[in-house]
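First the structure, in the form of structure tokens, and then the observations on it.
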Amino acid sequence: MDIDYAIRKYEPPAITENNIPDDVDLYDKCERSNRLCVMFIKTKISAGMRGSVDQHNNVKELLKAIDEKFQSSDKALASNLIMKFSLLRLTNVRGVREHIMKMRDIAARLKILEVDIYETFLVHYILNTLPQQYGDAKPKETSGK
């Protein structure tokens with residue numbers, strides 16, 4: 001059906017009276033594909049996203065605008081995750097295992113957003129977020145000598 005034709009191929013030049021029927025058919029095919037893609041995307045993205053992205057009649061421009069919006073929201077998400085990671089402490093309600101899993105989950109989500117947290121840092125950081133009653137698991141402090 002070539003619905004995605006407008007995304008995969010370059011847009012043909014505008015129709016003039018000198019075009020041959022094959023050129024006209026190709027242009028019509030691309031226009032139909034473009035309209036269907038734009039309509040499909042607009043119906044599938046959330047209302048909040050739809051309102052924050054400029055209106056575009058060209059599917060490639062619409063996809064570019066959505067991509068740019070996600071890049072800025074990725075930065076905000078990474079910032080929020082870093083704050084959550086740095087403020088997360090063990091509560092007696094969840095238990096140590098849940099605390100560790102939550103910290104590892106945040107670190108994995110940050111890695112997807114291209115914020116690397118080294119495994120050794122993660123282990124030491126998690127251990128240092130445990131309360132004093134877990135002193136046996138925490139690394140021993142050494143004097144600077």
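The values are calculated or read from the model by the stated rules, or taken from the named source; none is laboratory data. Quick caveat: nothing in here was measured; it's all calculated off a predicted structure. All Cβ positions, glycine included, derive from the backbone under ideal geometry; neighbour counts span all protein chains shown.
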Fill in: Residue match in segment 79-88 (condition: of a type in the set (Val, Ile, Thr), within 21 Å of the chain's Cα centre (by Cα), surrounded by 15 or more Cβ atoms within 10 Å (Cβ to Cβ) and modelled with pLDDT of 90 or more)
yes
Qualifying residue in segment 21-30 (condition: touching an Asp or Glu at 6+ places or on another chain (Cβ under 8 Å) and touching a residue at least 12 places away in the same chain (Cβ under 8 Å)): yes
Just one listed residue, out of Asp136, Asp105, is modelled with pLDDT of 90 or more and acidic (Asp, Glu), and it is Asp105
The helices (runs of 4 or more DSSP H) lying entirely within segment 20-128 that contain at least 3 residues which are under 20 Å from Lys9 (Cβ atoms) are 21-44, 59-87
Condition set within 23 Å of Ala6 (Cα to Cα) and of a type in the set (Lys, Arg), scope segment 40-76, selection modelled with the lowest pLDDT: answer is Arg50
Qualifying residue in segment 32-39 (condition: small (Gly, Ala, Ser), within 25 Å of the chain's Cα centre (by Cα), modelled with pLDDT of 80 or more and on the phi < 0 side of the Ramachandran plot):
no
Among the residues of segment 114-135, the number that are surrounded by 14 or more Cβ atoms within 10 Å (Cβ to Cβ) and not polar (S, T, N, Q) is 7
